[in-house]
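Reviewing the structure listed below.
The values are calculated or read from the model by the stated rules, or taken from the named source; none is laboratory data. These numbers were taken from a predicted model, which means no experiment stands behind them. As a convention, Cβ positions derive from the backbone with ideal geometry for all residues, glycine included, and neighbour counts pool all protein chains shown. Heavy atoms of the whole protein, side chains included, go into the accessibility calculation; ligands, DNA and RNA do not. Shrake-Rupley method; radii C 1.70, N 1.55, O 1.52, S 1.80 Å.
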Amino acid sequence: MVTRTTPIEEEATLLGEETTVLEEELRRLAGSVPDPELPVLSLEELGVLRAVHVRGGGAVEVELTPTYTGCPAVEAMSADIARVLHEHGVPQVTVQTVLSPAWTTDDISDEGRRKLREFGIAPPRTQRATGPVPISLGPTRTAARAPDRMADAPPDASLEADPVRCPHCGSADTELLSRFSSTACKALRRCLSCREPFDHFKEL
Amino acid sequence: MTVTAGSAAALALGDDALVLSHRLGEWAGKAPVLEEEVALANIALDLLGQARVLLSMAGDEDELAYLREERAFRNLQLVEQPNGDFAHTIARQLYFSTYQRLLYAELAAGDGEFAPLAAKAVKEVTYHQDHAEQWTLRLGDGTAESHQRMRRACEALWRYTGEMFQPVEGVDVNWSDLETSWLESVSAVLRRATLDVPEGPRSGAWTAGAGRQGLHTEPFGRMLAEMQHLHRSHPGASW
């Protein structure tokens, strides 16, 4: 869907041989591009760069996967990758969006998680099972009056077993303010120890 | 325009996502609280992303979104219903997100052309369903006023829910199993929210049911006029 091509300015000098070494180098370059919305993270650390292929005639094809299907940052990422590779002498860059296998927050590297925390964003928890972690608002009136009537409500065991920690003070005593925040990939939480609100990169 | 079964199916699913995305976008600037403003816009963005992939499978996404007439849209009548009060929006979200999650989970498990998108989108839609369920519980089991409004909304939209399970050519799922799962899931949430499962008909006379054939309800034309106005007034314009 998102395809961007830089004009061919000169005849390509890249060879089809030894593509592995070249592709690794190009992948390193493409992977070093910062995420447009979370510039502390590189695309490699975010885990959205899938592959770099050198095609004939100096053309390079990059496979990128979106975090969310509607993520508007994909177009900026594609443009940034094309620009960086172009600056390093690649005459023709095509960035293709691939959906399968679907990106998950488990694709964010350990280094990426550390940087997120330093940036003030609680990193996503590693998922044992796929899919979002069940979370809930406070008890409804019925539940507050007669807790046993809510026995069929989904348990919060996974949340208690692995709490979202405050990226500022490290406290595990945090609460959800809104499951949707400044971007599609984040939820808004508040620390009950230091009282600071913070974003949580929610599990996907 | 002749369409294959595959692209007809992409149109049906893509139009559902596009139209609901636009409806949710109408809340921007007037949602009850800031957090909901952000939540509804985020859900709309997820749906728009799905719509772009699906419509691109059927043709040119911009032409399909902006230049088709009302009768050429294949979305369910449920998703074109106006936002109403917040309870109506939540009831529409509950009914549709439950349907979409079950449908996408089935498609993701298969190896058809929709599997890659469905595998990606089902994770997003699970958050939409969770959001709708939490609000259904909060409104249904809240004050007398919120209970009354949520009940009214669930009943008003009930007759649009039978249409969701009309088989779509090119979508290989067991529609009757899907409907059973949907009824179980929605009924469980309504009961927990102290709401009665509506008793009105979901198919047959006095129900909706021709969106997939291109017949739409009156509010849809006005929605399309707003959605397509800019593109039609300034053909080929760009930022």
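Please count how many residues of region A:52-76 are away from chain B (no Cβ under 14 Å) and either at positive phi or under 16 Å from the mean Cα position of the chain (by Cα) (or both). Lay out the reasoning, then the answer.
Residues of region A:52-76 away from chain B (no Cβ under 14 Å): A:52-62.
Now narrow it down to the ones that are either at positive phi or under 16 Å from the mean Cα position of the chain (by Cα) (or both): A:57-58.
Final tally of qualifying residues: 2.
All of (1) farther than 23 Å from B:THR180 by Cα; (2) surrounded by 22 or more Cβ atoms within 10 Å (Cβ to Cβ); (3) more than 10 Å from chain A (Cβ to nearest Cβ) hold for B:LEU139 with one exception: (3). Name every residue in region A:168-185 that is modelled with pLDDT of 90 or more and touching a Phe, Trp or Tyr at 6+ places or on another chain (Cβ under 9 Å), in order of residue number. Listed by number, the residues that qualify are A:HIS168, A:THR174.
Based on this model, can you work out whether B:GLY221 counts as assigned to a loop (DSSP other than H, G, I, E, B) and either open to solvent by less than 30 Å² (accessible area, probe 1.4 Å) or without any contact (Cβ under 8 Å) to a residue 12 or more places away in the chain (or both)? Considered against the rule, which asks whether it is assigned to a loop (DSSP other than H, G, I, E, B) and either open to solvent by less than 30 Å² (accessible area, probe 1.4 Å) or without any contact (Cβ under 8 Å) to a residue 12 or more places away in the chain (or both), B:GLY221 comes out as no. Of all residues in region A:77-108, those satisfying the criterion of being within 14 Å of chain B (Cβ to nearest Cβ) and either open to solvent by less than 30 Å² (accessible area, probe 1.4 Å) or part of a loop (DSSP other than H, G, I, E, B) (or both) are A:VAL98, A:LEU99, A:SER100, A:PRO101, A:ALA102, A:TRP103, A:THR104, A:THR105. One residue stands out in region B:177-196 among those that are more than 14 Å from chain A (Cβ to nearest Cβ) and within 19 Å of the chain's Cα centre (by Cα): the one that is nearest to B:GLN148 (Cα to Cα), namely B:VAL186.
For region B:142-153, which residues satisfy the criterion of being open to solvent by 10 Å² or more (accessible area, probe 1.4 Å) and part of a helix (DSSP H, G or I)? Scanning region B:142-153 gives B:ALA144, B:GLU145, B:SER146, B:HIS147, B:GLN148, B:ARG149, B:ARG151, B:ARG152.
Every residue in region B:93-129 that is of a type outside the set (A, V, I, L, M, F, W, C) and open to solvent by 30 Å² or more (accessible area, probe 1.4 Å), please.
We begin by selecting, within region B:93-129, every residue of a type outside the set (A, V, I, L, M, F, W, C); these are B:93, B:95, B:97-101, B:104, B:106, B:110-113, B:116, B:120, B:123-124, B:126-129.
Answer for region B:93-129, where residues must be of a type outside the set (A, V, I, L, M, F, W, C) and open to solvent by 30 Å² or more (accessible area, probe 1.4 Å): B:ARG101, B:GLU106, B:GLY110, B:ASP111, B:GLY112, B:GLU113, B:PRO116, B:THR126.
Could you check, for region B:28-44, whether at least one of its residues is outside any loop (DSSP other than H, G, I, E, B) and more than 21 Å from B:TYR127 (Cα to Cα)? The answer is no, given that none of the residues of region B:28-44 is outside any loop (DSSP other than H, G, I, E, B) and more than 21 Å from B:TYR127 (Cα to Cα).
Restricting attention to region B:180-218, the residues being in contact (Cβ under 8 Å) with a residue 24 or more places away in the chain, hydroxyl-bearing (Ser, Thr, Tyr) and open to solvent by 60 Å² or more (accessible area, probe 1.4 Å) number 1.
Residue count for region A:176-204, restricted to those that are part of a loop (DSSP other than H, G, I, E, B), within 15 Å of B:ALA39 (Cα to Cα) and open to solvent by 50 Å² or more (accessible area, probe 1.4 Å): 1. Looking across region B:24-36 at every residue that is open to solvent by less than 50 Å² (accessible area, probe 1.4 Å) and at pLDDT below 95, the one that is nearest to the other protein chains (Cβ to nearest Cβ) is identified as B:GLU36.
B:GLY6 falls short of the stated requirement of being on the phi > 0 side of the Ramachandran plot and either surrounded by 20 or more Cβ atoms within 10 Å (Cβ to Cβ) or more than 13 Å from chain A (Cβ to nearest Cβ) (or both).
As an exercise: evaluate B:PHE73 against (1) within 14 Å of another protein chain (Cβ to nearest Cβ); (2) in contact (Cβ under 8 Å) with a residue 12 or more places away in the chain and give the number of the one condition it does not meet. Of (1) within 14 Å of another protein chain (Cβ to nearest Cβ); (2) in contact (Cβ under 8 Å) with a residue 12 or more places away in the chain, only one is false for B:PHE73: (1).
Residues in region B:199-206: is at least one closer than 29 Å to B:VAL168 by Cβ and aromatic (Phe, Trp, Tyr)? Taking every residue of region B:199-206 in turn, at least one turns out to be closer than 29 Å to B:VAL168 by Cβ and aromatic (Phe, Trp, Tyr). Checking each residue in region B:151-209 for being among the charged types (D, E, K, R) and farther than 19 Å from B:VAL79 by Cα picks out B:GLU169, B:ASP172, B:ASP177, B:GLU184, B:ARG191, B:ARG192, B:ASP196, B:GLU199. B:GLN50 satisfies every condition listed in (1) of a type in the set (S, T, N, Q); (2) under 21 Å from A:ALA73 (Cα atoms); (3) out of contact with any Gly (no Cβ under 8 Å at 6 or more places or on another chain) except (3). Among the residues of region B:110-135, the ones that are modelled with pLDDT of 95 or more, more than 15 Å from the chain's Cα centre (by Cα) and more than 10 Å from chain A (Cβ to nearest Cβ) come to 1 in all.
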